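The values are calculated or read from the model by the stated rules, or taken from the named source; none is laboratory data. Being a predicted model, the structure only gives us computed values, none of them experimental. Note: ideal-geometry Cβ built from the backbone for every residue, glycine included; neighbour counts use all protein chains shown. All accessible areas refer to the heavy atoms of the entire protein, side chains included, with ligands and DNA or RNA removed. Shrake-Rupley method; radii C 1.70, N 1.55, O 1.52, S 1.80 Å.
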Amino acid sequence: MPFPWGPSLMRRMYRSWSGPIRKTAPPLLGSLTRYLMLSTQRRISDFNSFVVRTNTCGELRSSHLGQEVTLCGWVQYRRQSLFLILRDFHGLIQVVIPQDESAASVKKLLCEAPIESVVQVTGTVISRPPGQQNPKMPTGEIEIEVKTAELLNSCKKLPFEIKDFMKKTEALRMKYRYLDLRSSQMQYNLRLRSQMVMKMREYLCNLHGFVDIETPTLFKKTPGGAKEFVVPSREPGKFYSLPQSPQQFKQLLMVGGFDRYFQVARCYRDEGSKPERQPEFTQVDIEMSFVDQAGIQKLIEGLLQYSWPKDKNPLTVPFPSMTYTEALDLYGTDKPDTRFGMKKYLKSKDFEVIKKFAVNHFNQEVSPLFLKTSGSGKSPFTKLLKEEEKTALISLMGAQEEDVLLLTAGEHKKACSVLGKLRLECADLLEARGVVLRDPTVFHFLWVVEFPLFLPKEEDPTELESAHHPFTAPHPSDIHLLYTEPEKVRSQHYDLVLNGSEIGGGSIRIHNAEQQQYVLETVLKEDVKLLSHLLQALDFGAPPHGGIALGLDRLVCLVTGVPSIRDVIAFPKSFRGHDLMSNAPDYVSPEDIEPYHIQVRRPEVTDRKDVKSVICETESSQQLVLPSLAKTENPLEKLALGQTPELLERRKSSKYPDNQ
Ligand code: ASP
């Protein structure tokens with residue numbers, strides 16, 4: 001079944017997208033259309049089974065001429081009381097409003113139904129008169145001569161129009177998410193996500209014998225890793241934790257003989273307000289027994305190839321691989337964007353920006369070295385270098401005439417990461433001038449391998465923490481160092497990077513209880529009692545095993561080319577972790593709290609901080625508020641609606657709303 005929107009409409013749609021603007025050229029969403037179209041064609045999904053409609057609005061063509069059809073959809077718009085455009089997820093169709101006396105009631109209904117009301121029409125598919133076809137509309141050759149119509153439900157005045165070219169703030173989109181979901185962009189994103197997940201399940205279960213197993217989301221606190229949400233229990237002082245991943249359970253499933261497990265798993269991390277993070281997110285979580293790193297990598301390459309949208313260039317496997325040390329040395333990060341190398345074209349004023357950036361963000365001096373025709377380099381920094389050192393540097397870097405090297409000195413990791421950030425900063429500068437370096441329609445996968453097993457803790461560098469998690473196995477050639485110089489041990493941890501974003505990570509696990517206990521107790525100084533169940537399980541014939549988790553939200557975000565992971569999640573949380581639609585998290589009554597033996601210090605309703613956070617999350621939605629709300633006399637609502645001088649002032653001076 002063909003999809004209704006042509007590339008030009010899709011392009012318009014993309015232009016009107018109101019999320020944060022990407023710095024690179026947007027992908028053509030027409031390609032998404034083709035992917036969805038192709039896959040539905042192949043599988044011949046029946047969109048009309050079990051329901052009152054006979055067809056979707058978007059599927060009708062000249063081949064349906066003469067057929068009597070029943071359609072259900074939302075009123076998109078009307079043209080001069082003559083035509084009504086009906087919309088469903090599949091597209092738009094023109095319904096001719098009857099003008100003769102005998103159909104007066106149908107005419108009245110179709111002329112008076114407010115925009116976005118949901119209606120059902122029955123009629124005949126007819127040709128549009130010559131000259132009235134609309135080639136831009138996939139259903140543009142035909143229209144519906146309506147016989148009967150029913151108003152299924154009327155729509156009140158909307159907070160925003162459901163038109164792709166209507167700009168709407170993110171806060172407003174979130175508040176009325178169910179309306180935002182009607183947009184063709186959101187329909188695409190979530191349907192594409194569903195199709196990719198379906199293909200992944202097919203690949204894992206049907207082609208490779210994996211078992212989809214659900215694991216608990218009420219669990220207990222685990223050592224290391226991200227901060228977890230706690231859930232009170234009815235036992236005094238005892239709390240559950242929401243798992244940051246099903247890590248322990250999937251390892252225990254290996255002990256239980258489910259040697260190929262996967263789950264599309266909801267995970268939770270209480271990481272506060274971080275851009276492009278969600279407190280709850282989805283992983284495609286995988287674990288296998290009797291496997292090595294190469295086996296997991298091959299599995300994931302096959303999985304992505306199989307579930308990759310068919311209209312995009314097929315993925316080439318194996319994906320390139322780079323060690324953690326190489327990535328840090330060459331790109332200054334463990335998630336390099338390999339779509340671009342080190343580009344030139346910088347102007348001299350850019351170097352001031354670059355130098356300032358390094359000082360402001362990292363308190364680090366950076367000095368550019370300009371390579372001259374003579375092969376010599378000019379830089380304040382080179383005064384410190386002997387001539388032969390300069391030559392050696394130039395040859396080491398493979399630098400050529402007109403190249404610029406950015407030099408810095410200092411602690412290795414810090415210096416590398418400053419230069420890595422500057423590389424991205426340079427890309428921003430160049431892209432602002434129209435040099436496209438990071439084409440979002442190009443997909444560069446990269447394995448980063450051989451991470452260190454432990455890293456010095458940021459807050460106390462004399463102590464170590466796991467680079468991945470405490471269950472990761474040491475590199476076989478470094479096991480001897482575990483007991484002497486643990487900081488030098490490489491691990492069997494691998495990350496999958498796509499276009500500079502980490503989209504997956506995993507490891508081969510420790511399956512020896514003694515080694516696991518040593519790592520937890522002696523190296524990481526964790527309380528092993530918290531993990532006694534796992535340590536015990538490893539002692540009962542645990543098979544060697546390993547696994548990985550793919551971040552589904554990020555992956556789909558990159559595949560669809562949308563600006564934010566919130567655009568591929570049906571009901572995402574705001575930057576502050578709030579659901580702006582339902583107002584979660586919310587207060588509960590003292591009676592509801594009573595069974596949990598906890599005390600809550602409840603803020604006063606007039607608590608300024610509390611009110612301010614409401615303002616922050618809604619302030620960008622002020623241009624378009626429901627008239628009934630806008631008239632409120634309630635002072636708190638007034639504040640939230642941005643009608644106070646204080647807020648007006650703040651809005652003028654604030655650069656970013658709370659939706660980054
Ligand atoms: N549980 C790990 C994570 O969430 C992934 C893995 O090691 O399989 O990052």
If I filter region 332-347 for residues that are in contact (Cβ under 8 Å) with a residue 24 or more places away in the chain and part of a helix (DSSP H, G or I), do I get at least one hit? no
Odd one out for Gln251, checked against (1) touching a residue at least 40 places away in the same chain (Cβ under 8 Å); (2) closer than 30 Å to Ala570 by Cβ; (3) within 12 Å of the ligand (Cβ to nearest atom): (2)
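Every residue, every condition in (1) assigned by TED's automatic domain parsing to the domain that holds Gly500; (2) modelled with pLDDT of 85 or more, yes or no:
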position	(1), (2)
Leu407	no, no
Arg423	no, yes
Leu437	no, yes
Lys457	yes, yes
Residues satisfying the stated conditions in region 479-494, i.e. in contact with a Ser or Thr (Cβ under 9 Å, 6 or more places away or on another chain), under 18 Å from Leu520 (Cβ atoms) and open to solvent by 10 Å² or more (accessible area, probe 1.4 Å): Tyr483, Pro486, Gln492
With the condition kept exactly as written, say whether any residue in region 491-501 is more than 16 Å from the ligand (Cβ to nearest atom) and over 15 Å from Tyr324 (Cα atoms). yes
Could you list, in sequence order, the residues of region 217-244 that are on the phi < 0 side of the Ramachandran plot and within 12 Å of the ligand (Cβ to nearest atom)? Thr222, Ala226, Pro243, Gln244
Residues to consider are Thr169, Thr148, Thr122; find the one that is at negative phi, touching a Lys or Arg at 6+ places or on another chain (Cβ under 6 Å) and open to solvent by 20 Å² or more (accessible area, probe 1.4 Å). Thr122
Answer from Lys349, Lys355, Lys383, Lys372 - the residue that is at pLDDT 80 or above and of a type in the set (Lys, Arg): Lys355
Look through Thr222, Thr169 and report the one residue that is modelled with pLDDT under 95, outside the structural domain of Leu530 (by TED's automatic domain parsing) and of a type in the set (Ser, Thr, Tyr). Thr169
Assess whether Ser289 counts as being in contact with a strand residue (DSSP E or B) (Cβ under 6 Å, 6 or more places away or on another chain) and open to solvent by 60 Å² or more (accessible area, probe 1.4 Å). no
Unmet requirement for Pro223, which otherwise passes all of (1) part of a strand (DSSP E or B); (2) open to solvent by less than 30 Å² (accessible area, probe 1.4 Å): (1)
Select from region 254-271 the residues that are of a type in the set (A, V, I, L, M, F, W, C), outside any helix (DSSP H, G or I) and crowded, with 19+ Cβ neighbours inside 10 Å and write down the one among them that is farthest from the ligand (Cβ to nearest atom). Phe262
Does at least one position in region 95-114 carry a residue that is open to solvent by 40 Å² or more (accessible area, probe 1.4 Å), in contact (Cβ under 8 Å) with a residue 40 or more places away in the chain and not hydrophobic (A, V, I, L, M, F, W, C)? yes
Residues (of a type in the set (Val, Ile, Thr) and either outside any helix (DSSP H, G or I) or open to solvent by less than 10 Å² (accessible area, probe 1.4 Å) (or both)) located in region 495-530: Val497, Ile503, Ile508, Ile510, Val519
Go through region 429-452 residue by residue and tally those that are part of a loop (DSSP other than H, G, I, E, B) and either open to solvent by 20 Å² or more (accessible area, probe 1.4 Å) or without any contact (Cβ under 8 Å) to a residue 24 or more places away in the chain (or both). 11
